[in-house]
Amino acid sequence: MLEIKNLHASIDGKPILKGVNLRINAGEVHAIMGPNGSGKSTLASIIAGNEAYEITQGDILFEGNSLFDLQPHQRAAAGVFLAFQYPVEIPGVSMMNFMKTAINEIRAQNGLQPMEAAAFLKLVREKQALVELDAKLANRSVNQGFSGGEKKRNEVFQMAMLNPTLAVLDETDSGLDIDALRIVAQGVNALRNPNNAFLVITHYQRLLDYIVPDVVHVLANGKIIKTGNKDLALELEAKGYDWILETTQA
Amino acid sequence: MEKPSPMLEFQGPADRTRRWTGLAQGLPNLKQEEWKYVPIDALLAHVYPQSDSLLPLNQRPRPENLPQGIRYLSVSEALAEKIPGILKALNHLQVAHFDGMATLFLPAINSEATVLWIPASDVPHPDIALLPSIKQPNQTADALLVLVQAGAHINLILPKEAQSSGFSFIYVGLEDSANVSLHRDLSGSDAAFVMSHLEVLLANAAQFKLAQYLQGGSAQRHAVQAHLCGPQSVASMASLQFAKPGDQLHSWVNMVHQSPHAESHQNIRQLALNSGMSSFTGKIHVALDAQKTQAYQHSAAMVLEEGGRTYHRPVLEIYADDVKCTHGATTGSLDEQALFYLQARGIPKPAAKRLLIDAFIEDCLQAFHPDLQAALRSEIAKSLQ
C-alpha cells in the first residue's frame with residue numbers, strides 16, 4: 001500500500017530525513033518510535049503533503065502512484081489521513097461545516113454526489129459515539145477551546161468520518177490520560193480492517209499496549225535504524241533509546 | 001422687524017464661522033497622517049456635476065403609504081410642524097464638534113434636507129430601505145436626518161443601490177429607549193471619492209447598531225460619531241472593509257461617552273488584496289462624569305495578497321476614573337498551518353482559503369440584516385474568485 005524509497009528531506013536547508021525506507025501492506029499496523037528530533041513528525045507531514053519541507057531525494061508510492069504528484073487535498077481524497085500531533089484551532093469554522101465540506105470535497109474528487117444531510121448527521125452521531133466525543137463539540141469551532149484530550153479524540157473522530165485507506169497517527173497519545181488513551185485506541189482498533197493500514201508514531205510503548213502493531217521501527221537521526229516486532233517496543237521502554245543508538249553504532 | 005426663523009439661525013454666523021475655521025486650520029493632509037486621509041488636493045479639484053434626475057425633496061414624489069405613521073418631509077416642513085426632535089437635531093449639528101472632513105457636508109444640512117420621522121410605537125416598525133440619492137441642487141452632499149421617537153424600534157437598510165452620491169451625511173437622533181439598527185452597503189458608488197458622515201445622538205437607554213460594508217471606489221472615507229448622552233445607552237458598530245486592488249478605504253469612528261453607565265462596541269474586520277488599502281481610526285472619548293462607562297474596540301485585519309495594506313489606529317481619551325475600556329488590533333495573513341490542516345482533510349486550497357476568510361469575517365457579518373448578509377456573502381465570494 002505504502003512504499004517509501006530512500007526519502008531525503010530538509011527544511012530551510014537543514015537535512016531532516018536522510019534515507020528513509022519503509023513498506024506498509026494493507027491490513028498492517030506499523031509503529032515508528034524514536035527520540036526527539038529524529039524526524040518522525042517530518043515524515044508524517046511529508047506523507048500528508050506539507051509543502052514546508054523540501055524533498056531532496058527519493059519517493060513515496062501510495063498504491064503504486066507517487067504521492068509527490070498529488071496536492072495535499074488530492075492525497076486525502078486518495079485515502080491518506082494524518083492525525084496531527086498539534087491539531088490546529090480554526091476560530092469561526094464550525095466542526096459540522098468543516099466535516100461536511102471535507103466529506104463532500106473528497107466525494108466530489110472521487111466522482112460522487114454530495115452526501116445527503118440525513119446520512120451525514122447519522123454518520124456524525126455514529127462516529128461520535130465511537131470515540132465518545134461530546135456531541136456539543138460539534139457545534140463549536142474546529143478545535144477551539146477543546147482540551148488536549150478532546151483535540152486528539154476529534155482527530156480520531158475525523159479519521160472515522162473520512163474512513164481513509166492509510167492513517168498516519170502523529171503522537172496521538174501525547175497529552176492523553178489513560179482513559180482518553182483507551183478511548184482513542186478503541187476508536188482506531190474499531191477502524192482496523194484488512195483493506196486499510198496504520199502508521200502510528202509515538203514516543204512511548206504505552207499506546208502500543210492498546211494498538212498492537214505488526215511491525216515496530218526505530219527512527220533516529222533521519223533514518224530507520226532498527227525494525228522488529230512488538231517486542232522491540234517493550235525492549236525500548238525498558239532500555240531507552242541510548243541503548244539502541246549505541247547498539248546500531250557498534 | 002421679522003424674527004429670524006430657527007432655520008436661518010441654524011444657517012447663521014456660528015455655522016459659517018465653524019466652517020471657515022475648519023478650512024483655515026487646514027484640512028488634514030498627507031504630511032500629518034498620510035494613512036488616514038485621501039489626497040485632499042485632488043479631492044478639492046474634483047468637480048461634481050449636478051444630476052438632472054435629482055430634485056429637491058419638495059418637488060419630487062415621496063414614498064406613500066409608509067407604515068405606522070412614518071413620514072418623509074423636509075427640514076423646513078419639520079420646523080413648521082414642530083416635529084419632535086427637529087430642533088434638538090439642528091441644535092446638536094450646530095454645536096457638535098466634527099472632524100475636519102465633516103465641514104464638507106455641513107452646507108447640505110439646510111431647509112431642503114430630508115427628515116425621516118419614526119414615531120413611537122408599541123411594536124417594532126417594519127424594516128425600511130432608505131431612499132436612493134437625496135442630493136439637492138447646488139450641493140455636493142446628500143443629507144438625511146432620522147428622528148426616532150421614544151420607544152420606537154426599527155431596522156433601516158441602505159442598500160448599495162442607494163449609494164449614488166459622492167458625499168452623504170446622515171444624522172440619527174434616538175429618544176429614550178429607542179432602538180435603531182442601520183445596515184448599509186457602501187460599495188455601490190462609482191464616484192471617484194465617496195465620503196460620508198454618520199452622526200448619532202442617543203438618549204437614555206437608547207440603542208443604536210450600525211453594520212456597514214465598505215468596498216470599491218478609488219477612495220472612500222466614512223466617519224461615524226456617536227454621542228452617548230443618556231445612561232444605559234448602547235452604541236454598537238460592525239464594519240467590514242474589503243479593499244480590492246486599487247481601493248482606499250478609510251473608516252473613522254468616535255464613540256463619545258457623555259453620560260455614565262453607557263456602553264459602546266466597535267468590531268472591525270479588514271481584508272486587503274494586492275494594492276488595496278484599508279484603514280480604521282477608532283476613538284473612545286469618555287467625559288469626566290461618564291463613570292461606569294464600558295467601551296470596547298476590536299479591529300482585526302487580514303492581508304490576503306502581497307502589496308495589500310491595512311492600518312488600525314485606536315485612540316482612547318478617558319477623563320473618568322471608573323471605566324472599562326478595551327481595545328485590540330491584529331493584522332495577519334492566512335494561517336498556513338490552518339490551510340494545510342484543511343487541505344489534509346481533502347479541501348482544495350481555494351476552498352480552504354474561502355473557509356478561513358469566511359470564518360474571519362463571520363463574526364462581523366452576523367451583525368448585518370439577513371437580506372444584506374446573503375448579498376454580501378455572494379459579493380465577497382465573487383470578489384475572491
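The values are calculated or read from the model by the stated rules, or taken from the named source; none is laboratory data. Values in this document were obtained by computation on a predicted structure and should not be read as measured data. Ideal geometry is used to build each Cβ from the backbone, glycine not excepted, and the neighbour counts take in all protein chains shown. SASA here: full protein model, heavy atoms, side chains in, ligands and nucleic acids out. Shrake-Rupley method; radii C 1.70, N 1.55, O 1.52, S 1.80 Å.
Just a few scattered comments:
- Residues whose amide H lies under 5 Å from that of A:Ile224, counting only those 5 or more places away or on a different chain, are A:Asn21; hydrogens are built 1.01 Å from N in the peptide plane.
- Axial C-alpha extent at least 30 Å, average Kyte-Doolittle at least 1.6 - helices from chain A (DSSP): none
- Rounded to 0.05, the FRET efficiency of the B:Ala129 and A:Lys14 pair, given R0 = 56 Å and the Cβ-Cβ distance, is 0.40.
- When nucleic acids and ligands are ignored and a 1.4 Å probe is applied, A:Lys122 ends up with an accessible area of around 130 Å².
- If R0 is 22 Å, the Cβ-Cβ spacing of A:Thr56 and A:Lys5 corresponds to a FRET efficiency of close to 0.95.
- In a DSSP loop and with at most 14 other Cβ atoms within 10 Å, there are no GluC sites (Glu not before Pro) in the stretch A:144-217.
- Treating each Cα of the protein assembly as shown as one equal point scatterer and applying the Debye formula with no solvent, the log10 of I(q)/I(0) at q = 0.11, 0.12 Å⁻¹ comes out as -1.02, -1.13.
- Mean residue ellipticity (222 nm) of chain A, computed from DSSP H runs ≥ 4 via -39,500 (n - 2.57), nearest 500: -12000 deg cm²/dmol
- Summing charges over neighbours of A:Asp231, with a neighbour being any other residue whose Cβ is under 13 Å away from its Cβ, gives -1 when K and R count +1 and D and E count -1.
- Dmax and Rg, reported as Rg then Dmax, of the stretch A:88-229 (C-alpha, Å): 16.2, 49
- Label-reachable residues, the stretch A:73-93, where backbone N falls under 17 Å from a point 7 Å from B:Lys349's Cα toward its Cβ: A:73-77
- Rounded to 0.05, the FRET efficiency of the A:Asn163 and A:Asn36 pair, given R0 = 41 Å and the Cβ-Cβ distance, is 0.80.
- When Rg and the Kirkwood radius Rh are both evaluated on Cα atoms of the stretch A:2-249, their ratio Rg/Rh stands at 0.96.
- Dimensions of the stretch B:214-340 from C-alpha coordinates, computed as largest minus smallest value along each principal axis and given longest first, are 47, 34, 19 Å.
- For the pair A:Asn21 and A:Gln144 in one chain, pulling the backbone fully straight at 0.36 nm per residue adds 40.6 nm over the alpha carbon distance.
- Local net charge near B:Ser299, Cβ-Cβ under 10 Å (Lys/Arg +1, Asp/Glu -1): +2
- For the residue pairs A:Lys152/A:Lys239; B:Lys244/B:Lys349; A:Lys14/A:Lys152, the alpha carbons lie more than 24 Å apart in A:Lys152/A:Lys239; A:Lys14/A:Lys152.
- Equivalent ellipsoid semi-axes, the stretch A:203-250, via Cα gyration tensor eigenvalues times 5, rooted, Å: 19, 11, 9
- Dipole check for the protein assembly as shown: with +1 at the C-beta of Lys and Arg, -1 at the C-beta of Asp and Glu, and the Cα centre as origin, the magnitude is about 360 Debye.
- Charge context of A:Val215, other residues only, Cβ under 10 angstrom, K/R +1, D/E -1: 0
- Antiparallel %, DSSP beta bridges [both residues in the stretch A:2-249], to 5: 55 percent
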